[in-house]
Amino acid sequence: MEDTLLVINCGSSSLKAALFDTSFNKLASALAERLGKEDAFASMPSPSMDIPLQSGCNHRDALRAVVTAFRDQGLLTAAPVAIGHRVVHGGETFRQAALITDDVLQAIEDCASLAPLHNPVNLTGIEATRDLFPEVPQVAVFDTAFHQTLPKHAYLYALPYRFYQDWGVRRYGFHGTSHQFMANETARLLEKAPDQISVISAHLGNGCSITAIRDGVSVDTSMGLTPLEGLVMGTRSGDIDPGLFDFLKGKGINAEEVHRILNNDSGLLGLSGKTNDMRSLSEQAEDGHEPSALAIEVFCFRLARYIGAMMASLTQLDALVFTGGIGENSALVREKTLGHLRLTGFSLDPSSNRQHGKHTGGRIDQADSRFRVMVIPTNEELVIAREALDASHP
Ligand code: ADP
């Protein structure tokens with residue numbers, strides 16, 4: 001009988017699950033989508049199979065169906081030894097992963113006002129998993145925890161100080177598990193101690209963020225109080241002039257509507273008028289669709305500005321590292337972005353960039369580049385699995 005670790009990531013209408021053995025080999029994964037909708041469905045990529053879900057299926061039932069599928073495949077023959085949950089917001093309470101107790105659940109709930117779309121559904125996942133496996137230790141791994149090392153000058157907004165004191169208005173940062181993985185993986189690849197590595201980590205997926213990591217800890221990051229700030233994203237605007245709220249109010253668009261537009265109708269989708277998907281945009285740009293080409297230009301220029309900005313927090317740079325669906329796969333984005341930064345001495349090797357660093361140990365810079373540039377596939381599930389085991393079996 002094999003000891004296993006279960007990793008759960010509940011989104012607003014999705015549930016991702018991954019099963020690892022205790023040497024951190026991935027045994028299986030599953031994705032349930034469109035939860036709560038008529039056409040809810042779930043599947044496993046390997047072995048490739050659909051997992052039957054009832055119409056309108058909720059997170060709790062989806063979790064049950066996924067666990068049953070793992071059991072039917074003979075992958076989960078006994079209860080897991082620990083379960084790790086991705087939790088989006090840990091506020092200032094959680095600087096590291098936490099073994100879940102009733103007090104921890106209450107603290108996660110207390111952070112929900114900072115992440116009303118995420119923390120409640122994360123809690124639903126935890127509660128459903130506790131019902132299924134009441135004896136198994138469960139661990140919350142927070143997107144924000146890695147960034148709790150930010151210095152005050154990096155996390156404070158220039159707002160009335162009481163907003164921070166009374167309401168916790170500050171930069172928290174997200175994608176922490178991914179940025180932490182990138183720092184550790186870069187250290188491993190460069191054979192440096194994890195607490196001596198300094199990198200700029202660009203996580204470019206549907207959500208995008210960039211983090212400056214000095215001596216292994218996060219010292220600046222682009223996402224803020226919420227995951228809306230910073231880089232251009234699939235449907236999110238990233239940085240805008242806050243004066244926009246008042247301007248649009250004059251046009252009859254209220255704050256709630258602006259919030260929806262900035263989150264759902266902006267970014268690559270808003271600029272191109274076509275899609276939030278970078279791969280499709282690149283194809284359309286190649287076919288001469290100008291708004292798609294423009295969306296890519298804005299994306300890359302914003303990213304280049306942020307790479308420059310992250311340097312303000314570093315005294316040395318071991319590598320600029322790209323990850324996420326776009327970071328790992330778009331040679332075009334990497335090339336265009338670093339094209340804006342020639343003054344800083346970045347220089348890419350066109351051939352290894354095209355091959356995403358696959359034959360060069362992740363390296364895509366050329367010999368005369370002032371800094372290393374690398375492509376490293378992220379693995380947030382693995383970080384959560386490790387933290388789950390560490391926090392539950394110290
Ligand atoms: P999520 O944040 O939802 O996990 P991913 O990390 O999977 O998202 O990233 C999704 C993005 O990666 C999409 O914009 C997708 O088009 C882009 N992407 C994936 N493969 C490629 C590719 N070959 N070229 C360009 N973009 C790609």
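The values are calculated or read from the model by the stated rules, or taken from the named source; none is laboratory data. Nothing here was measured: the structure is a model prediction, and the numbers come from that model. FYI the Cβ positions are ideal-geometry reconstructions off the backbone, even for glycines, and counts take in every protein chain you see. Accessible surface is based on the protein model in full, side chains and every heavy atom, while ligands, DNA and RNA are left aside. Shrake-Rupley method; radii C 1.70, N 1.55, O 1.52, S 1.80 Å.
Quick look at the values:
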{"read-out": "Exposed GluC sites (Glu not before Pro) absent: longest stretch of the chain, with sites in DSSP loops and at most 16 other Cβ within 10 Å deemed exposed", "value": "192-394"}
{"read-out": "Long-range HN-HN contacts of A28 with modeled amide H, under 5 Å", "value": "L19"}
{"read-out": "Accessible surface, segment 186-282, averaged per residue in Å² (probe 1.4 Å)", "value": "46"}
{"read-out": "Cα centroid separation - segment 302-341 against segment 56-71, whole Å", "value": "39"}
{"read-out": "Size of charge dipole - the chain - debye, nearest 20, with Cβ of Lys, Arg +1 and Asp, Glu -1, no other charges", "value": "800"}
{"read-out": "Mean ellipticity per residue at 222 nm, deg cm²/dmol - from DSSP H runs of n ≥ 4 across the chain, formula -39500 (n - 2.57)", "value": "-11000 deg cm²/dmol"}
{"read-out": "Among S351, S14, S198: highest mean-square fluctuation, GNM of the chain, C-alpha pairs under 10 Å", "value": "S351"}
{"read-out": "P(r) histogram, all alpha-carbon pairs of the chain included - 10 Å bins from 0, percent", "value": "5, 21, 31, 28, 13, 2, 0"}
{"read-out": "Neighbour cut-off at most 15 other Cβ (10 Å), DSSP loop, chymotrypsin sites (Phe, Trp or Tyr not before Pro), segment 94-174", "value": "Y157"}
{"read-out": "Between helix 176-190 and the chain: long-axis angle, C-alpha atoms, 0 to 90°, nearest 10", "value": "70"}
{"read-out": "Dipole of the chain [Lys/Arg +1, Asp/Glu -1 at C-beta], most positive-end residue of P80, L268, N119", "value": "L268"}
{"read-out": "Residues of type aspartates and glutamates that K152 reaches as a straight line, Cα spacing below 17 Å, ignoring anything fewer than 8 places off in the same chain", "value": "E92, D166, D220"}
{"read-out": "Candidates G176, G56, G327, ranked by Gaussian network fluctuation over the chain, Cα under 10 Å, top entry", "value": "G56"}
{"read-out": "Cα-based helix-to-principal-axis angle, 380-392 vs the chain, degrees rounded to 10", "value": "50"}
{"read-out": "Principal-axis tilt of helix 59-72 within the chain, Cα atoms, nearest 10 degrees", "value": "70"}
{"read-out": "Fraction of accessible area attributable to carbon and sulfur, the chain (%, probe 1.4 Å)", "value": "49"}
{"read-out": "Unit charges on C-beta of K, R, D, E only; dipole of segment 1-160, Debye", "value": "360"}
